[in-house]
Amino acid sequence: MEIQSLITDLAFILLLGAVVTILFKWIKQPVVLGYIVAGFLASPNFEYLPSVNTEENIEFWAEIGIVVLLFSLGLEFSFKKLINSGGSAAVTALIIVSGMMGAGFMVGHFMGFSMINCLFLGGMLSMSSTTIIIKAFNDLGLRQKKFTSLVLAVLIVEDLFAVVMMVLLSSIAINNSVQGGQLLFSVAKLVFFLVIWFLVGVFVLPSLFNSWRRFLNSETLLVVSMGLCLGMAVFSVYCGFSLALGAFVMGSILAGTSYAERIEHVVTPIKDLFGAVFFISVGMMVQPSIIAQYWVPILILSAVVVVGMIFFGTFGMLITGQSLRVSIESGFSLTQIGEFAFIIATLGMSLGVLNPTIYPIVVAVSVLTTFGTPYFIKMAPGTCNWLEKHLPRRVLRVIDGYRSEATKSNATERTWLVVLKRSLWSTMLYIIILIAILIVSHQYLMPWLSRVLPAWDRLVSTAITLTAMSPFLLALLMPVTMPRTGQPEHRRARAYVPVIVMTVFRVLIAMALVAAMVMWHYSAVVGLVVAGVSLLLIGVVFGRKIKVQLAQIESKFLDNLNERDLRRSGKKNSVVNDLHLAYMTIGSGCKFAGQRLMDSNLRARYGVNVVSIQRGADLIPVPSGMARTFPGDVIGVIGNDEQISALLPVVEREKQPEAGVIDPLDFKLTSILLSESSPLIGKTPVTAKLRDNYDVLVVAVQRGEEYIDSDPKLMFAPGDIVWLVGNVKALPKLN
């Protein structure tokens, strides 16, 4: 790869991309589509412009683009956000992905594609575009609606499904078959590595960042975060996965730290640059001859995406207890495919299993569905109104009845949910950690001891492994705590059933893991005996000491996992008595942003004291009452839990975009000639209410050869030339 050729191709596609995207911004279309068009213009398929010298150069930049894009998606993802998205989003996303995978597979089969190509096609059609949906919500001023939060939660879960799907499709493509055992092994391997990476990352990275806090300016933070991103990507390949998976995982780990917003800010220019190159490389795969040849499949697949997403999205929301209106609005918002479709297609091309004709077909489907997204979102309320008028009343009553029943649960179900939520995740984490210790012992420790201590290798290996496993074995042996169900005393006995079941399950798992470890070196009988004795010894002799250490480890892990929330609420940052020091970021919708502290009167309203203001790299310690706060500032606040909880939503409130906001390009200085029929005739700037009714401000009035400065008492007359600043779209009304 020649350096000059590499730079030449990059310069060409970026310059062309800049021109095309400016054009697309001017016609108010998504920038992603502009990149795709630019890629087509830069490809050999468009003969009227020069093309890139070597397509391998663009593939090189595009690979980096995929890594950075997945890292950025991970920064917006976070496992905690996934947990908080709730069961409704998870079930809806599962229904959408499963349904669209099936629909895509069947359509691909009817079109004569091979089984692997049908699977890849189904994967590409099952993922909605996060970028396009967020842009559409912002443009239409819908971010404050209930259904938009549900749709965004579904997109979060879909991101995780997409990453898992990439791993599964890679496994299928490499083995050239769908084998149940191989797929199960791939899923188990993926879950194992995800949990291990997540545990190590959450336990180590926040502590490191906090210890390096005074050194982490924007430059250093960019270098550190990108180094971690690329390092995890390389390690992911070493473990048998893709670069993209490692980048996504590292982004999701960093999303839980208090530096997530800063990292996202410094990485955004890199994401925009290499993301543009990736989407331009997608456009280079567009072949007009194939599109002209396969226009019927393109229209069929576009219809499948629109109809399928509406049906499965609406059904998924209904089945999870949402209202008919919210379900329809959610389903109509998901009617497109985007980023992950291109990433999955690129994966199939790199593995050499994807039919080359599928790529341009999918790009064309993405373009069509993207253009239609705002219109389908606008159609949702009308469609819902029509259905409410024409559906039988019995059907509507059934939907409303199911919705009310779905929000209820009996006492036993609640108890099971509480017990499972409290113990299942920790049980899975401890099991995976113990399996990781066993793998390290078997793969690395035992071979090393065989060379160093050939006569004692089995005994020493068993002892070291048991010692390393003991804290986590004790954690499994600890009984599950009884949940507070709020039930009457005579019913509380039911709550013991899930507690006993989970406790017995954890003990059996601990015994099985110890027995399996010993049986690698000795017989099954020896393994069972050692398992029973060692667990008894750990629980009785070392129980108290290990329990204290384990509690410290769990506390440290949970503090790191919730670092951002703890920093905002100050719950782990006590100052004196019941007072805490919390750090909050002022949002664009904060009502006292821009005011002086003495005017905001926070101490009288909320009982708190502002002790610091962080503005970029500048720190204002103990600010005076004359100091002002602005959006983006991080303020240090001292107060008790109730005061801080009341202040947080006020400080961090973001201004919601509104529909019909004036475009900056429409705001300018201009003049109008008043005719006899102008609504301004006989009125003054005050009585005409120009500011309120027309969003304009009078600068001067030209009457004949005389220029009259703006005067609130000046009365407009026919023939006046009025110079004003404001929204040019209001001028025809004033003329």
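The values are calculated or read from the model by the stated rules, or taken from the named source; none is laboratory data. These numbers were taken from a predicted model, which means no experiment stands behind them. Using ideal geometry, Cβ is built from the backbone for each residue, glycine included, and neighbour counts are taken over all protein chains shown.
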Problem set entry | Residue in region 102-117 that is farthest from the chain's Cα centre (by Cα), counting only those that are part of a helix (DSSP H, G or I) and either polar (S, T, N, Q) or buried (at least 22 other Cβ atoms within 10 Å of the Cβ) (or both) | GLY108
Exercise. Looking at region 321-340, is at least one residue under 20 Å from the mean Cα position of the chain (by Cα), β-branched (Val, Ile, Thr) and closer than 26 Å to ALA153 by Cβ?
Worked result: yes
Problem set entry | Residue under evaluation THR257, criteria (1) in a helix (DSSP H, G or I); (2) over 30 Å from SER333 (Cα atoms); (3) modelled with pLDDT under 80, criterion not met | (1)
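Residue by residue, here is whether (1) surrounded by fewer than 18 Cβ atoms within 10 Å (Cβ to Cβ); (2) over 30 Å from ASP618 (Cα atoms) holds:
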site	(1), (2)
TRP197	no, yes
VAL202	no, no
SER211	yes, no
LEU221	no, no
TYR259	no, no
LEU273	yes, no
For this session: For residues that are out of contact with any Ser or Thr (no Cβ under 8 Å at 6 or more places or on another chain) and among the polar types (S, T, N, Q), scanning just region 428-469, find the one that is farthest from PHE198 (Cα to Cα).
Result: SER450
Problem set entry | Spans of helices (runs of 4 or more DSSP H) in region 290-382 with at least 1 residues buried (at least 21 other Cβ atoms within 10 Å of the Cβ) and at pLDDT 85 or above | 295-319, 324-333
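Condition check ((1) closer than 30 Å to LYS28 by Cβ; (2) of a type outside the set (Val, Ile, Thr)) across all residues:
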position: SER671; (1), (2): yes, yes
position: LEU674; (1), (2): no, yes
position: VAL701; (1), (2): no, no
position: MET715; (1), (2): no, yes
Problem set entry | Residue match in region 124-146 (condition: in the same structural domain as GLY74 (by TED's automatic domain parsing), within 18 Å of ILE344 (Cα to Cα), in a helix (DSSP H, G or I) and modelled with pLDDT of 85 or more) | yes
For this session: Quick one: which residue in LEU318, LEU324, LEU301, LEU347 is of a type in the set (A, V, I, L, M) and closer than 19 Å to THR370 by Cβ?
Result: LEU301
Exercise. All but one of (1) at pLDDT below 70; (2) of a type in the set (Lys, Arg); (3) under 29 Å from the mean Cα position of the chain (by Cα) hold for ARG544; which doesn't?
Worked result: (3)
Problem set entry | Cβ-Cβ under 6 Å pairs, at least 6 apart or on other chains, region 564-590 side buried (at least 16 other Cβ atoms within 10 Å of the Cβ), far side assigned to a strand (DSSP E or B) and modelled with pLDDT under 75 | HIS580/SER574; LEU581/VAL575
Seminar exercise, completed: Across region 242-281, the tally of residues that are within 27 Å of VAL362 (Cβ to Cβ), in contact with a Leu (Cβ under 7 Å, 6 or more places away or on another chain) and of a type outside the set (Val, Ile, Thr) stands at 7
Problem set entry | For LEU33: the one exception among (1) at pLDDT below 75; (2) in a helix (DSSP H, G or I); (3) surrounded by 15 or more Cβ atoms within 10 Å (Cβ to Cβ); (4) not assigned by TED's automatic domain parsing to the domain that holds VAL154 | (1)
For this session: State the number of residues belonging to region 195-250 that are within 30 Å of SER350 (Cα to Cα), modelled with pLDDT under 80 and among the hydroxyl-bearing types (Ser, Thr, Tyr).
Result: 1
Exercise. Mind checking whether some residue in region 43-59 is modelled with pLDDT of 80 or more and either in contact with a His (Cβ under 9 Å, 6 or more places away or on another chain) or in a helix (DSSP H, G or I) (or both)?
Worked result: no
Problem set entry | Leading residue by the ranking (modelled with the highest pLDDT) among those in region 1-29 that are among the polar types (S, T, N, Q) and under 17 Å from SER51 (Cβ atoms) | THR8
Problem set entry | Elements of type helices (runs of 4 or more DSSP H) contained in region 425-522, each with 2 or more residues being surrounded by fewer than 16 Cβ atoms within 10 Å (Cβ to Cβ), more than 42 Å from the chain's Cα centre (by Cα) and modelled with pLDDT of 75 or more | 446-452, 457-477
For this session: Quick one: which residue in ILE319, ILE300, ILE328, ILE361 is farther than 21 Å from ILE13 by Cα and in contact with a Cys (Cβ under 6 Å, 6 or more places away or on another chain)?
Result: ILE328
For this session: Please verify whether region 308-329 includes one or more residues that are within 30 Å of ASN57 (Cβ to Cβ) and either out of contact with any strand residue (DSSP E or B) (no Cβ under 8 Å at 6 or more places or on another chain) or of a type in the set (Val, Ile, Thr) (or both).
Result: no
